[in-house]
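Notes to accompany the following structure.
The values are calculated or read from the model by the stated rules, or taken from the named source; none is laboratory data. Everything numeric here is computed off the predicted structure, so don't read it as measured data. In this analysis, Cβ positions are derived from the backbone assuming ideal geometry, glycine residues included, and neighbour counts consider all displayed protein chains.
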Amino acid sequence: MSLSRDTDNLLKMIDVLQIDSFQFFLDGSSMLVQKMEGFELRSALQTAKRNFGVKKIFVHSPYNLYLGGKTHKIRVKSLLKIKEKLKLCEELNFDGFIVHSHIPIEVDITEILEETNDVLFDFISGVPLLIENIAVREKYGSNMRKFNELIEKIKTIIPVGVCLDTAHLFEAGYHFETKPIAYELSQEYPEIFKETLLVHLNDSKTHCGSFIDQHEEPGKGFIGLGALGAIISLFTQEVSFITETSENNLDDYIRNVEILKGLVNSNIRTFVEKLA
């Protein structure tokens with residue numbers, strides 16, 4: 001969803017789409033900062049939850065703010081900014097703040113934990129930091145073994161969850177075209193799937209292992225609806241599902257949301273329940 005619209009249009013979109021969760025991007029524009037600090041937006045978000053059936057509202061960090069960096073100084077600076085944004089998210093009663101994991105793969109996990117502990121250990125936030133996997137080579141966010149280790153250890157310091165992006169996962173070279181394969185993936189990297197609170201259910205314009213991040217509308221890319229359904233089958237109804245595609249009009253929004261609803265309703269946790 002976009003906050004470039006006025007708040008009345010935001011509520012109309014929620015009503016038309018009949019959604020129970022959504023996200024928007026946090027940018028650095030002064031207009032958005034004014035909206036974030038103003039009564040109008042606070043009131044609209046409260047109304048969305050109270051009167052329109054919205055359960056979860058997520059905020060995505062701007063792309064120039066992420067978890068990581070090549071040097072200690074850059075990583076600490078990023079953590080301080082993340083701390084500041086988490087405070088704002090808590091004030092506005094959001095349900096998660098999403099950041100990409102751009103930590104270079106050569107950085108030792110001990111350094112990351114020490115830096116996180118120094119900046120955030122004494123910070124108590126009611127809003128979890130949702131760390132998102134990415135499609136960039138040689139990063140913790142694209143190497144599932146390193147990403148799994150990061151989630152396992154960093155959650156002992158601060159409240160974190162995972163935002164699992166299906167396009168990024170696929171583009172980083174991980175297959176999940178059937179439910180058995182998706183289940184094996186979840187067993188190989190248990191911390192990632194156990195801590196997932198939000199799934200960005202995106203198809204991909206690029207092939208598996210391309211390391212090129214380009215989202216496509218559900219069912220129109222190289223992943224396909226079957227594989228997206230396979231990922232959904234790993235989660236319960238407590239997990240939120242959001243699609244991030246560039247819709248040009250309301251009809252595109254409605255079509256993609258309906259596809260998403262159909263996938264969730266027909267696939268959620270069915271395969272795992274059968275195994276149990």
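With buried (at least 19 other Cβ atoms within 10 Å of the Cβ), within 20 Å of TYR140 (Cα to Cα) and either under 19 Å from the mean Cα position of the chain (by Cα) or among the small types (Gly, Ala, Ser) (or both) as the only criterion, which of LEU197, LEU234, LEU228, LEU263 stands out? So that I can check it myself, show each step before the final result.
Values: LEU234 fails: within 20 Å of TYR140 (Cα to Cα); LEU228 fails: within 20 Å of TYR140 (Cα to Cα); LEU263 fails: within 20 Å of TYR140 (Cα to Cα).
Criteria check complete, one pass: LEU197.
What about LEU250, is it at pLDDT 95 or above, over 27 Å from GLU149 (Cβ atoms) and surrounded by fewer than 22 Cβ atoms within 10 Å (Cβ to Cβ)? If you could, list the steps in order and put the result at the bottom.
On the way: at pLDDT 95 or above: no; over 27 Å from GLU149 (Cβ atoms): yes; surrounded by fewer than 22 Cβ atoms within 10 Å (Cβ to Cβ): yes.
The answer is no for LEU250.
Any residue in the range 51-74 that is at pLDDT 75 or above, buried (at least 16 other Cβ atoms within 10 Å of the Cβ) and among the hydroxyl-bearing types (Ser, Thr, Tyr)?
Yes, there is a match, as at least one residue in the range 51-74 is at pLDDT 75 or above, buried (at least 16 other Cβ atoms within 10 Å of the Cβ) and among the hydroxyl-bearing types (Ser, Thr, Tyr).
Is it true that some residue in the range 162-169 is closer than 19 Å to ILE259 by Cα, modelled with pLDDT under 95 and not polar (S, T, N, Q)?
Among the residues of the range 162-169, not one is closer than 19 Å to ILE259 by Cα, modelled with pLDDT under 95 and not polar (S, T, N, Q), which makes the answer no.
Taking interchain pairs and intrachain pairs at least six residues apart, which have beta carbon atoms under 7 angstrom, with the first residue in the range 10-37 and on the phi < 0 side of the Ramachandran plot and the second at pLDDT below 95 and loosely packed, with under 12 Cβ neighbours inside 10 Å?
Cβ pairs passing all conditions: PHE24/SER2.
Conditions tested, residue by residue: (1) surrounded by 18 or more Cβ atoms within 10 Å (Cβ to Cβ); (2) assigned to a helix (DSSP H, G or I); (3) within 15 Å of the chain's Cα centre (by Cα).
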site: LYS85; (1), (2), (3): yes, yes, no
site: GLU90; (1), (2), (3): no, yes, no
site: LEU113; (1), (2), (3): no, yes, no
site: VAL119; (1), (2), (3): yes, yes, no
site: SER125; (1), (2), (3): no, no, no
site: ILE134; (1), (2), (3): yes, no, yes
site: SER142; (1), (2), (3): yes, no, yes
site: LEU150; (1), (2), (3): yes, yes, no
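Starting from the range 158-170, keep only residues that are surrounded by fewer than 24 Cβ atoms within 10 Å (Cβ to Cβ), then list their pairs with residues that are of a type in the set (Asp, Glu) whose Cβ atoms are within a distance under 6 Å, requiring at least 6 positions of separation or different chains.
GLY161/GLU195
Being in a helix (DSSP H, G or I) and either at pLDDT 95 or above or loosely packed, with under 13 Cβ neighbours inside 10 Å (or both) narrows it down to one residue among MET31, MET13, MET36; which is it? Talk me through it step by step, then tell me what you get.
Working: MET13 fails: either at pLDDT 95 or above or loosely packed, with under 13 Cβ neighbours inside 10 Å (or both); MET36 fails: either at pLDDT 95 or above or loosely packed, with under 13 Cβ neighbours inside 10 Å (or both).
Testing whether each residue is in a helix (DSSP H, G or I) and either at pLDDT 95 or above or loosely packed, with under 13 Cβ neighbours inside 10 Å (or both) leaves just MET31.
Working carefully through the options ILE268, ILE242, find the one that is under 28 Å from LYS146 (Cβ atoms) and not basic (Lys, Arg). Walk me through how you get there before you give the answer.
Working: ILE268 fails: under 28 Å from LYS146 (Cβ atoms).
That would be ILE242, the only listed residue that is under 28 Å from LYS146 (Cβ atoms) and not basic (Lys, Arg).
Out of ILE98, ILE105, which single residue is within 18 Å of the chain's Cα centre (by Cα), among the β-branched types (Val, Ile, Thr) and either more than 29 Å from ALA230 (Cα to Cα) or modelled with pLDDT of 95 or more (or both)? Steps first, answer last, please.
Values: ILE105 fails: within 18 Å of the chain's Cα centre (by Cα).
The unique qualifying residue is ILE98.
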